[in-house]
1. So residue 57 clears everything in (1) at pLDDT below 85; (2) over 24 Å from residue 145 (Cα atoms); (3) crowded, with 16+ Cβ neighbours inside 10 Å except one condition, right? Which one?
2. Return only the number of the condition from (1) free of Cβ contacts under 8 Å to residues at least 12 places away in the same chain; (2) farther than 29 Å from residue 19 by Cα that residue 41 does not satisfy.
3. From the set of residues in segment 27-50 that are in a helix (DSSP H, G or I) and surrounded by fewer than 13 Cβ atoms within 10 Å (Cβ to Cβ), which is modelled with the highest pLDDT?
4. When the residues of segment 61-71 are filtered to those that are part of a helix (DSSP H, G or I) and surrounded by fewer than 18 Cβ atoms within 10 Å (Cβ to Cβ), which remaining residue is nearest to the chain's Cα centre (by Cα)?
5. Are there any pairs, at least 6 apart or on different chains, whose C-beta atoms fall under 6 Å, with the first in segment 19-38 and closer than 16 Å to residue 58 by Cα and the second modelled with pLDDT of 80 or more, and if so, which?
6. With the structure loaded, tell me whether residue 74 is at pLDDT below 85 and either part of a helix (DSSP H, G or I) or over 19 Å from residue 98 (Cβ atoms) (or both) or whether it fails that test.
7. Condition first: more than 13 Å from residue 112 (Cα to Cα) and within 19 Å of the chain's Cα centre (by Cα). Now tell me which residues in segment 127-137 satisfy that.
8. Checking the structure you have, find out if any residue of segment 83-97 is at pLDDT 80 or above, farther than 27 Å from residue 139 by Cβ and assigned to a helix (DSSP H, G or I).
């Protein structure tokens, strides 16, 4: 009986953790959070917000809400970050080099790479604009994302092998 209770408890813990992740996803895709990306005054703030956004987009993938128009936010963020200066990150341990527009652009390209099949035309339009950028890192990353768009990449999260020749999804 105790073994069954432990298994049930593990199931309840798993369900609770999934509910918490969904709640966090709803908070991260909240209008207020996305507006705070655009309202940021430094590239360092924008970078931290975009890192959080990337983390949740990686987890929730194509389940991002369509009505939030994340692509427009990314596009406006790209424009805004180009006009902001690089500022150092000041901590109690000293100063660290901050993030510049190149870091923001590369992070936005990572986000666009995750959303390439959900917003295909919009992502392709932004990638075309970034592929003619004067910075070589941004140009190469944009072309890499464009080449990823042309590939058919589908692998399920778990594969169950029955034999060495066949596997089930």
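The values are calculated or read from the model by the stated rules, or taken from the named source; none is laboratory data. It should be emphasised that the depicted structure is a prediction, and the values quoted were computed from it without experimental measurement. Cβ: placed from backbone, ideal geometry, glycine included. Neighbour counts: every protein chain shown.
1. The one condition residue 57 does not meet is (2).
2. Failed condition: (1).
3. 39
4. Checked segment 61-71; the qualifying residue nearest to the chain's Cα centre (by Cα) is 61.
5. Here the result reads 25/56; 28/56, each pair linking segment 19-38 to a residue that is modelled with pLDDT of 80 or more.
6. So residue 74 fails the test.
7. Within segment 127-137, 137 is the sole residue that qualifies.
8. No, segment 83-97 has no match at all.
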